[in-house]
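For reference, the structure is listed below as structure tokens.
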Ligand code: TXA
Ligand code: MG
């Protein structure tokens, strides 16, 4: 399959390009599109063959359900049982990086939801994503547009590395604004369970929901045979091909540990901006200022891809705080590191 790549940095340049992308979706093909979180690998959510193609293109187990993307919060009506709590969340956070799990209607095939009776609904804020969903006239099922096991893509280069020849079209919208996948919540009345942390933080959710509980799998490793609330939690994720080790401890001690490691090992380091000068300029990747969690979130997945290259035997990073969007960073880094934390 030849993959057509189209630049959409300031939106679709012509009606024809938008119609062409929408037509691919409607006729059962696959279009990668930018969102404010990460790039999505999109197909018609109402077509089970599209879901099958998505799983095949990603190399993803087909019991891991897909998120359906809609253009407006009301756009969920034909596909999910909405509730007052859903509309409260929608009013506060949609369009934006929030996904809500709702009971599924029959219009969404079981293939799309990985056999579940619930469906994940998200209304993205990226203008290209919204235009595409509207023009397609169907909800777009889209997992992150990476090969299964790789970090989610935050620019078209990552998508091309992973999916060139496996999808019909890639819409290149430049760098993702947030860089980590959407917050996922499930609802029980007006109480929410946070299944995956993201840019909509637990505290932000607490302003709208009566009660917000963080699912245990967000912070801890699932026990063998434990059934997660969100199937995605059981898969090894974002794992570099060499060990990724998170360091915890006093910042000066961590820096001198890293300096020593550079002398004795072929290591790559995801370091804070202010540490750059103190480290040898060899496989050192600036993930942003230590205080700037948004910047670290934006750069993490690119940094993990860039660090994971031939000749590197181990990758080091800092264990982030769990405040605000830090919880999302912590969750992604912990999983990439398979929970390997070293106390320095
Ligand atoms: O920001 C995002 O959410 C991106 C962009 C493309 O929108 N999408 C994304 O999709 O991250 P994906 O497939 O990589 O992650 C979706 C997660 C999976 O962990 C899956 O298990 C969970 O959502 N999920 C989907 N449907 C679910 C459901 N009905 N119940 C529980 N979890 C669900
Ligand atoms: Mg993913």
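Values in this text are rule-based calculations from the coordinates and carry no lab data. Quantities reported herein were computed from a predicted structural model and do not represent experimental measurements. Note that each Cβ is placed from the backbone with ideal geometry, even for glycine, and that neighbours are counted across all protein chains shown.
Listing 193, 99 from the residue with the fewest other Cβ atoms within 10 Å to the one with the most, what is the order? Write down the numbers at each step before the final one.
Details: 193 19, 99 25.
The order, fewest Cβ neighbours first, is 193, 99.
Here the simple spin-label model places points 7 Å from the Cα toward Cβ, and for residue 4 and residue 49 these points are separated by 1.9 nm.
Starting from the Kirkwood radius over alpha-carbon pairs of the chain, derive D by Stokes-Einstein at 37 °C in a medium of 0.692 mPa s and give it in µm² s⁻¹. After rounding, the answer is 160 µm²/s.
Tell me the relative contact order for segment 241-343 as a rounded percent, counting alpha carbon contacts under 8 Å between residues six or more apart.
Working: 156 pairs, mean separation 41.6, N = 103.
Computed value for segment 241-343: 40 percent relative contact order.
Here the gap between residue 16 and residue 72, fully extended at 0.36 nm per residue and compared with their Cα-Cα distance, gives a gain of 17.8 nm.
Would you order 276, 169 from fewest to most other beta-carbon atoms within 10 Å of each residue's own beta-carbon? Don't skip to the end; give the middle numbers.
Values: 276 13, 169 20.
Going from least to most buried by this count: 276, 169.
So how far apart, in nm, are the two label points at residue 273 and residue 344 if each is 7 Å from Cα heading toward Cβ? Taking the two extended label points, one gets 2.0 nm. For segment 87-216, the convex hull drawn through the C-alpha positions has a volume of 134 cubic angstrom per residue. With kT/(6 pi eta Rh) evaluated at 10 °C and eta = 1.306 mPa s, and Rh the Kirkwood radius from Cα pairs, segment 76-157 diffuses with a coefficient of 113 µm²/s according to Stokes-Einstein. Entry note, the chain: relative contact order of 19 percent, from Cα contacts under 8 Å with a spacing of 6+ residues.
Segment residue 63..residue 291, full-extension length gain: 78.3 nm, with 0.36 nm per residue of separation and the alpha-carbon distance subtracted. Highest GNM mean-square fluctuation among 279, 205, 334, for the chain modelled with Cα contacts below 10 Å: 279. Helix 15-26 axis versus longest C-alpha principal axis of the chain: approximately 80°, rounded to the nearest ten. For segment 16-128, a Kirkwood hydrodynamic radius built from all Cα pairs, placed in the Stokes-Einstein relation at 4 °C and 1.567 mPa s, yields a translational diffusion coefficient of 90 µm²/s. Compute the separation of the alpha-carbon centres of segment 164-186 and segment 268-344 and state it in Å as a whole number. Cα centres, segment 164-186 to segment 268-344: 21 Å. Give me the base-10 log of I(q)/I(0) for segment 285-344 at each q in 0.14, 0.22, 0.23, 0.24 Å⁻¹, Debye formula, one uniform scatterer per Cα, rounded to two decimals. Log10 of I(q)/I(0), two decimals: -0.38, -0.93, -1.01, -1.09. Ranked for footprinting exposure by Cβ neighbours inside 10 Å, fewest first, 15, 206, 60 give 15, 206, 60. When the Gaussian network model of the chain links Cα atoms closer than 10 Å, the mean-square fluctuations of 143, 240, 124 top out at 240. Rg over Rh for segment 195-344 works out to 0.99, both radii taken from alpha-carbon positions and Rh defined as the Kirkwood radius.
Annotation: for a label point projected 7 angstrom from Cα along Cα→Cβ of residue 203, residues of segment 310-333 with backbone N closer than 16 Å are 321-330. In this simple spin-label approximation, residue 264 and residue 221 carry label points 7 Å from Cα along the Cα→Cβ vector, and these lie 2.4 nm apart. If r is the Cβ-Cβ distance from residue 87 to residue 323 and R0 is 41 Å, what FRET efficiency results, to the nearest 0.05? For R0 = 41 Å, the calculated efficiency reads 0.90. Distances between every pair of Cα atoms in segment 250-302, grouped in 5 Å steps from 0 to the bin holding the largest one, split as 4, 21, 31, 23, 16, 5, 0 percent. Working from Cα pairs under 8 Å separated by at least six residues, relative contact order for segment 57-213 is 26 percent.
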